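Heads up, the thing below is written out as structure tokens.
The values are calculated or read from the model by the stated rules, or taken from the named source; none is laboratory data. Please read all numbers here as calculations on a predicted model, not as lab measurements. FYI the Cβ positions are ideal-geometry reconstructions off the backbone, even for glycines, and counts take in every protein chain you see. Only protein heavy atoms, including side chains, enter the accessible area calculation; ligands, DNA and RNA are left aside. Shrake-Rupley method; radii C 1.70, N 1.55, O 1.52, S 1.80 Å.
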Amino acid sequence: MILRRVARPLLAAIFISGGIGALRDTQGHAKAAEPFLTQSFDKLEGVVPESVPRDPATLVRIDAAVKVGAGVALAAGKAPRLASLLLLGSLVPTTLAAHRFWEINEPAERQQQQIQFIKNAGLAGGLLLAAADTAGKPSLGWRAKRAASKTEKRAEKLAKKAEKAITK
């Protein structure tokens, strides 16, 4: 459908651009994310495996790669539901790290960060819709229920045939 071919690249563009920007200024993004990352890792001590990188610059590069890769996949319509979920998984921590408006006292800066936070919430809504979009095909859940129902009906017919054969 033409709508998906237009909407997906429009939604993906902000993530691709943001990922490229993060790769170009990894240290700046890492510096901004460091307080959030430190606080998060402190709270999750013992829960997050030691193999997970803790270096903010490394995490920024990983996040940027996810944004660019999943953004390109979404824009191209390749695994769009998975790409949308990956982008959503990247958007949430990015938003919480970069737009903590509730911690800002200066009114103009607080309002600017609140706008960015709400913008990202809107993007999250778009990603949720894209993740749920089956492109007109029945969902996996519907197909599973239908297959189970058909299997149950076949089993009932076979059971009745077997019962008739035994009682004869």
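In the condition set (1) of a type in the set (A, V, I, L, M, F, W, C); (2) open to solvent by less than 90 Å² (accessible area, probe 1.4 Å); (3) farther than 25 Å from LYS78 by Cα, ALA144 is compliant with all but (3).
I'd like the full set of residues that are among the charged types (D, E, K, R) and out of contact with any Gly (no Cβ under 8 Å at 6 or more places or on another chain), limited to the stretch 32-65. Selection gives GLU34, ASP42, LYS43, GLU45, GLU50, ARG54, ASP55, ARG61. Note on the stretch 5-23: residues that are open to solvent by 50 Å² or more (accessible area, probe 1.4 Å) and touching an Asp or Glu at 6+ places or on another chain (Cβ under 7 Å) total 0. Scanning the stretch 114-161 for residues that are in a helix (DSSP H, G or I), closer than 29 Å to ARG8 by Cα and polar (S, T, N, Q) yields GLN114, GLN116, ASN120.
The rows are residues; the columns are (1) more than 33 Å from the chain's Cα centre (by Cα); (2) touching a residue at least 12 places away in the same chain (Cβ under 8 Å).
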position: LEU123; (1), (2): no, yes
position: ALA132; (1), (2): no, yes
position: ALA148; (1), (2): no, no
position: LYS153; (1), (2): yes, no
position: GLU156; (1), (2): yes, no
position: ALA162; (1), (2): yes, no
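When the stretch 71-101 is filtered for residues that are open to solvent by less than 40 Å² (accessible area, probe 1.4 Å) and of a type in the set (A, V, I, L, M, F, W, C), the ones remaining, listed by number, are ALA73, LEU74, ALA75, ALA83, LEU87, LEU88, LEU91, ALA97, PHE101.
On the stretch given as the stretch 51-110, residues that are in contact (Cβ under 8 Å) with a residue 40 or more places away in the chain, in a loop (DSSP other than H, G, I, E, B) and either within 30 Å of VAL6 (Cβ to Cβ) or within 13 Å of the chain's Cα centre (by Cα) (or both) total 1. Residues considered: LYS153, LYS119. Of these, the only one that is among the charged types (D, E, K, R) and at pLDDT below 95 is LYS153. For the condition within 13 Å of LEU11 (Cα to Cα) and at pLDDT below 95, GLY46 does not qualify.
LYS67 fulfils the conditions (1) touching a Pro at 6+ places or on another chain (Cβ under 9 Å); (2) crowded, with 16+ Cβ neighbours inside 10 Å except for a single criterion, (1). Only one of the numbered conditions (1) assigned to a helix (DSSP H, G or I); (2) open to solvent by 60 Å² or more (accessible area, probe 1.4 Å) is violated by LEU37, and that is (2).
Every listed requirement among (1) modelled with pLDDT of 95 or more; (2) open to solvent by 40 Å² or more (accessible area, probe 1.4 Å); (3) more than 21 Å from the chain's Cα centre (by Cα) is met by THR26 save one, (2).
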